[in-house]
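The values are calculated or read from the model by the stated rules, or taken from the named source; none is laboratory data. Since we're looking at a predicted model, the values are computed, not measured. Cβ atoms come from the backbone with ideal geometry, glycine included; neighbour counts cover every protein chain shown.
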């Protein structure tokens with residue numbers, strides 16, 4: 001499992017570096033639409049690999065539950081970009097380019113509030129499935145926002161935007177955080193169920 005974890009972490013680094021090169025610095029296509037789709041795909045892959053690293057550690061979940069949560073995290077990592085359509089007030093990809101305003105799903109404060117509420121709920125009512133899903137949400141938006149922050153900073157309402165995160169720091173955090181999260185997860189998991197295997201067919 002350790003070598004698999006190393007492989008996933010290296011995969012994260014490669015996806016982050018090569019993905020950004022492909023989207024922002026290469027000449028592989030002149031189509032902004034293809035670049036936008038590729039950019040979103042990179043977000044999804046990073047979210048997927050991060051979730052796989054999370055479940056490669058001991059989490060007391062069945063394989064089916066792990067697969068469902070990985071799929072959930074992957075889709076949410078991609079879905080966050082849907083707010084570009086809301087800001088542009090258009091369903092056409094060509095209208096998404098050059099937007100100055102960021103959508104609510106790119107506001108880190110929004111997700112911090114959502115995950116805090118879900119975590120408190122899962123802890124009070126001892127809902128392990130909600131607890132795991134909360135971590136998937138957390139991984140999805142932190143990986144997405146961190147990658148975007150490399151260019152535009154983090155949006156922490158009402159304080160505004162941070163300065164852009166340096167590329168080296170972004171790459172290091174992208175590789176390090178998914179390996180840290182499982183340890184925090186197990187420490188924060190509702191105490192009564194730390195050694196119970198979770199088996200469910202729905203994410204929530």
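Can you pull out the residues in the range 18-31 that are farther than 15 Å from residue 148 by Cβ and surrounded by 14 or more Cβ atoms within 10 Å (Cβ to Cβ)?
22
Per the conditions (1) within 25 Å of residue 70 (Cβ to Cβ); (2) at pLDDT below 95; (3) surrounded by fewer than 19 Cβ atoms within 10 Å (Cβ to Cβ), the sole criterion not satisfied by residue 104 is (1).
Please enumerate the residues belonging to the range 35-69 that are out of contact with any helix residue (DSSP H, G or I) (no Cβ under 6 Å at 6 or more places or on another chain) and crowded, with 22+ Cβ neighbours inside 10 Å. Correct list: 65 only. Residues in the range 1-23 that are in contact (Cβ under 8 Å) with a residue 40 or more places away in the chain and over 17 Å from the mean Cα position of the chain (by Cα) were compared, and the one that is farthest from residue 78 (Cα to Cα) is 1.
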